[in-house]
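The structure under discussion appears below in the form of structure tokens.
The values are calculated or read from the model by the stated rules, or taken from the named source; none is laboratory data. This structure is a prediction, so every number in the text was calculated from the model and none was measured. Cβ: placed from backbone, ideal geometry, glycine included. Neighbour counts: every protein chain shown.
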Amino acid sequence: MNKSADNLSKIKRSLTRRNRAEARFQWCGRVAIFIGLAAVAVLFVDIIGKGHGAFQATYIKLNVSYDQDLLGIENLSDPEQLMMGNWDAVPKVALREKFTDVSGRRDKRRLNGLLSNGAGFDLKDRLLANPQLLNTTESIWLLADDDIDTYYKSWLDGEAYAARLSDKQVVWIDQLHEQGLIRLQLNTNLFTRGDSREPEQAGIRGAVMGSLLTLVLTLILSFPIGVSAAIYLEEFAPKNKWTDFIEVNINNLAAVPSIIFGLLGLAIFINFFHVPRSVPIVGGLVLTLMTLPTIIITSRAAIKSVPPSIREAALGMGASKYQMVLHHVLPLALPGMLTGAIIGMAQALGETAPLLMIGMVAFIVDVPGSFTDPATVLPVQIFLWADSPERAFIEKTSAAIMVLLTFLIIMNTSAVWLRKRLERRW
Amino acid sequence: MSPADTAKPAKAASKAASKSAPKKVAKAKSAVPKVKKTEPKAKKAVAKTRKAVAPQFKAGQSLDIDDHQITVGKSFSDNAKMTMRNIDVYYGDKQAIHNVSIDIAKNEVMAMIGPSGCGKSTFLRTLNRMNDTVEGCRVEGDICMDGENLYAPKLDVVELRARVGMVFQKPNPFPKSIYENVAYGPKIHGLADSRVDLDEIVENSLRKASLWEEVKERLHQPGTGLSGGQQQRLCIARAIAVSPEVILMDEPCSALDPIATAKIEELIEELSENFTIAIVTHSMQQAARVSHRTAYFHLGKLIEVNPTEQVFTMPEHQLTEAYITGRFG
Ligand SMILES: Nc1ncnc2c1ncn2[C@@H]1O[C@H](COP(=O)(O)OP(=O)(O)OP(=O)(O)O)[C@@H](O)[C@H]1O
Ligand SMILES: [Mg+2]
């Protein structure tokens, strides 16, 4: 009797201690999560703060006349004439008509500097789409130069940055602003164009397409190979020195710095097999090498987590090993495998170093359309833009990061969703 | 296994037994007085009884088994379905089964009893070569079914396991629908010619496993959503759906309540009309109620095989007696 009372008080005493330890532990967890979330929040605020401007661009409204003589074109359907046409003259004339009092070569050059030097080509595209406009005049919004864009945005925000503008240009912009002839508009170029030396004309379409092509190839190659390897190693391979050796090496490969895979790809695919540089094929092959260990390891873990009782049940029913794997193990392991694959893909999407080694770092203006077109990928584009001196590329860089993060978030969310969905079936 | 447990359901035993062959009634009745001796009072007395008995037992005779021990009783049959001769099973270097020879007769229910870890499951699993799936497990000796060597190199285990079905200790339905669970065997072995055929097989199997009435409304819901007892009956239905010749059951009722247990025992009796059954059990009443012969294993050796009635009334070997009277195990 006495002893049990004694025990009870002992338990009570230790209980307060245990409860306190548990509370401490919970607090540690909460603090850790808070720190993590805060870091993410800081990152997002910084990037969005810097990058949101890139989704808008400055446009100037001018009266342009598509004058046949000025363009030096007679027939719009003749490609040679189109090539030789004096497209730049149209916006220049429009500017001169707007600011009639400008004289002197330097001032004229500054005046022309208000518009992007791609403005003429935009007009060409417009004229080709609407041939009836030839020899007519219209009032149209034209893309401004990146310095003007930077100045106008900073001026709107209240802290004008005019270091790269002359006093006259500032005055002209003031005038345009008063007349409502300058404004911010959705920057469609960002999503429809490839890279450019001119920040206002640079877009991420090329990099997005490059990433897409590369990733599609990576997925097509690495998922089947990885899953087959995992199934074979888990279910069929004898357990001996060789398989142990292979397992150790797969784990090692997962930890090899990615740039090594780039060197490997350079040596094997480019130098030995003569695959062209800078193309999504070689990028996909290198990223496949890199993603395979991840997929194999996660798939093996998923296969291992299938309860042995299910295997016994299947074998006991007279299923062959292959049937056991196909009918029972694979469906149960699939959510885990897919999650692994998507995580591997997300890793591959963010990978830069190995692609630098195989030449996907080149300056590529054209949007790639196939696996054999020279291409770059999103993270490399970010790297390139971050490296550019023009101030306007700062917001472009952040905008590209936002796009990359959006893709990553979509992929990771779909991984979670897919797993939930497939697991909910039973 | 406590002695209290041993004697209590004696009535139920005789009731269950009375359903089958009349010879079993006599067996069950005669089992009653013998077992009752060990339980003069209520459960509390059990501990005392054991303590009192154990030293006396030790003083009387040795519990050591002699290495060259041969099985006592009637381990062979003229009408054998399965014959096993000189079976040794090793897990790596460790020998789990020592030189076991036994026959299982056609349409017989053979019960295997013995203390935990004595090798009942291991022995049972040699009969459909489930031990092949265990890393490092080695089986030596001859096992034949209808005269055909099960361990012959050219024998296909897939065919063997279709002929020798198994029900595991823990219910392990596939995470698929009830229907799919039962239909799986017939499907992979191509036993059904049409959808209608398959439906019929599924219904019949579920009926035989006395599960049909409970699940006919929800055949397409997950089998894992059933209760433990229902799951076990589902596993039995799954096993009999391929009409095996032999059914192996490893403690099929260990996770079930008395009512579900009774249902499965009834089922075993019915099944024994068509199938040969080997059942491992920890419940001696169960062995007494359902089996024709009982084999007693001890430390990997087969000590005694005799008609169930005899094992529970006048065991030949003192180890068997010690076990069934609850003196150890
Ligand atoms: N996979 C295995 N690897 C190594 N040893 C094993 C393995 N399975 C069983 N054994 C050993 O073989 C012996 C017999 O085991 P078995 O499972 O056949 O016992 P059992 O009679 O079925 O016991 P229980 O009544 O507790 O189920 C035990 O000593 C056990 O430790
Ligand atoms: Mg067992």
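Kindly state which helices (runs of 4 or more DSSP H) lie completely within the range A:151-242 and contain at least 3 residues that are touching a residue at least 40 places away in the same chain (Cβ under 8 Å), over 23 Å from A:A386 (Cβ atoms) and not assigned by TED's automatic domain parsing to the domain that holds A:L62.
Working: elements: A:167-178, A:189-192, A:205-231.
Output list reads A:205-231.
Quick check on my filter: what residues within the range A:53-70 are part of a helix (DSSP H, G or I) and in contact (Cβ under 8 Å) with a residue 40 or more places away in the chain? Spell out the reasoning first.
Applying the first criterion (part of a helix (DSSP H, G or I)) to the range A:53-70 yields A:53-55, A:68-70.
Result: A:G53, A:A54, A:F55, A:Q68.
Selection over the range B:176-189 of residues that are surrounded by fewer than 19 Cβ atoms within 10 Å (Cβ to Cβ) and in contact with a strand residue (DSSP E or B) (Cβ under 9 Å, 6 or more places away or on another chain) gives a count of 0. Checked against the criterion of being assigned by TED's automatic domain parsing to the domain that holds B:F76, more than 16 Å from ligand 1 (Cβ to nearest atom) and under 26 Å from B:G147 (Cα atoms), the candidates B:A239, B:A260, B:A183, B:A278 yield just one match: B:A239. For the range A:339-356, a residue qualifies if it is surrounded by fewer than 22 Cβ atoms within 10 Å (Cβ to Cβ) and over 19 Å from the mean Cα position of the chain (by Cα), and exactly one does: A:T339.
Checked against (1) within 14 Å of the chain's Cα centre (by Cα); (2) surrounded by 24 or more Cβ atoms within 10 Å (Cβ to Cβ); (3) in a helix (DSSP H, G or I), B:T261 meets all criteria but (2).
Entry remark, the range B:126-135: residues being without any contact (Cβ under 8 Å) to a residue 12 or more places away in the chain and within 13 Å of ligand 2 (Cβ to nearest atom) number 0 in total.
Listed here are the residues, each with its yes/no results for (1) of a type in the set (D, E, K, R); (2) away from ligand 2 (no atom under 16 Å from the Cβ).
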position	(1), (2)
B:A80	no, yes
B:I102	no, yes
B:K106	yes, yes
B:A111	no, no
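Would it be correct to say that A:I60 is among the β-branched types (V, I, T), surrounded by 16 or more Cβ atoms within 10 Å (Cβ to Cβ) and modelled with pLDDT of 90 or more? Considered against the rule, which asks whether it is among the β-branched types (V, I, T), surrounded by 16 or more Cβ atoms within 10 Å (Cβ to Cβ) and modelled with pLDDT of 90 or more, A:I60 comes out as yes. Give A:A375, A:A346 a once-over and let me know the one that is closer than 21 Å to A:L190 by Cα and in the same structural domain as A:L287 (by TED's automatic domain parsing). Exactly one of A:A375, A:A346 is closer than 21 Å to A:L190 by Cα and in the same structural domain as A:L287 (by TED's automatic domain parsing), namely A:A375. Entry remark, the range A:298-329: residues being more than 9 Å from chain B (Cβ to nearest Cβ) and of a type in the set (A, V, I, L, M, F, W, C) number 8 in total.
Where residues in the range B:288-319 are outside any strand (DSSP E or B) and within 16 Å of ligand 2 (Cβ to nearest atom), which of them is nearest to the other protein chains (Cβ to nearest Cβ)? Full working, then the answer.
Initial filter on the range B:288-319 (outside any strand (DSSP E or B)): B:288-292, B:299-300, B:308-319.
Those still in the list that are within 16 Å of ligand 2 (Cβ to nearest atom) too: B:299-300.
Working: B:L299: 25, B:G300: 22 Å.
Checked the range B:288-319; the qualifying residue nearest to the other protein chains (Cβ to nearest Cβ) is B:G300.
Regarding A:T288, is this residue more than 14 Å from chain B (Cβ to nearest Cβ), touching a Leu at 6+ places or on another chain (Cβ under 8 Å) and of a type in the set (S, T, Y)?
Details: more than 14 Å from chain B (Cβ to nearest Cβ): yes; touching a Leu at 6+ places or on another chain (Cβ under 8 Å): yes; of a type in the set (S, T, Y): yes.
In short, yes.
Could you grab me the full set of residues in the range B:215-231 that are surrounded by 17 or more Cβ atoms within 10 Å (Cβ to Cβ) and away from every other protein chain (no Cβ under 12 Å)? Even if it seems obvious, please write down each step before you answer.
Let us first name the residues in the range B:215-231 that are surrounded by 17 or more Cβ atoms within 10 Å (Cβ to Cβ), namely B:215, B:219, B:222-224, B:226, B:229-231.
Once the filter is applied, which keeps residues that are surrounded by 17 or more Cβ atoms within 10 Å (Cβ to Cβ) and away from every other protein chain (no Cβ under 12 Å), the range B:215-231 yields B:V215, B:L219, B:L226, B:G229, B:Q230.
For B:L198, the requirement of being surrounded by fewer than 21 Cβ atoms within 10 Å (Cβ to Cβ) and either touching an Asp or Glu at 6+ places or on another chain (Cβ under 6 Å) or of a type in the set (A, V, I, L, M) (or both) is met. Please tell me if B:I104 is assigned by TED's automatic domain parsing to the domain that holds B:Q286, surrounded by 17 or more Cβ atoms within 10 Å (Cβ to Cβ), among the β-branched types (V, I, T) and within 13 Å of ligand 1 (Cβ to nearest atom). Judged against the criteria, B:I104 is not a match.
Of all residues in the range B:243-287, those satisfying the criterion of being of a type in the set (G, A, S) and within 16 Å of ligand 2 (Cβ to nearest atom) are B:S254, B:A255, B:A278, B:S283, B:A287. For B:M82, the test of being within 15 Å of ligand 1 (Cβ to nearest atom), touching a residue at least 12 places away in the same chain (Cβ under 8 Å) and within 17 Å of the chain's Cα centre (by Cα) is failed. Counted as qualifying within the range B:119-191 are the helices (runs of 4 or more DSSP H) with 2 or more residues that are of a type in the set (V, I, T) and at the interface with chain A (Cβ under 10 Å from one of its Cβ atoms), namely B:157-163. Meeting the requirement of 2 or more residues that are β-branched (V, I, T), the helices (runs of 4 or more DSSP H) wholly within the range A:277-390 are A:280-304, A:330-349, A:378-386. Could you go through the range B:177-194 and let me know if any residue there is of a type in the set (S, T, N, Q), within 29 Å of B:S283 (Cα to Cα) and within 16 Å of ligand 2 (Cβ to nearest atom). So far as the range B:177-194 goes, no, none of its residues is of a type in the set (S, T, N, Q), within 29 Å of B:S283 (Cα to Cα) and within 16 Å of ligand 2 (Cβ to nearest atom). The set of residues in the range B:136-172 being in contact (Cβ under 8 Å) with a residue 40 or more places away in the chain and β-branched (V, I, T) consists of B:V139, B:I143, B:V164, B:V167.
If you go through the range B:125-155 and keep only what is buried (at least 19 other Cβ atoms within 10 Å of the Cβ) and within 8 Å of ligand 1 (Cβ to nearest atom), you end up with just B:R125. B:A237 passes every criterion in (1) touching a strand residue (DSSP E or B) at 6+ places or on another chain (Cβ under 7 Å); (2) hydrophobic (A, V, I, L, M, F, W, C); (3) within 14 Å of another protein chain (Cβ to nearest Cβ) apart from (1).
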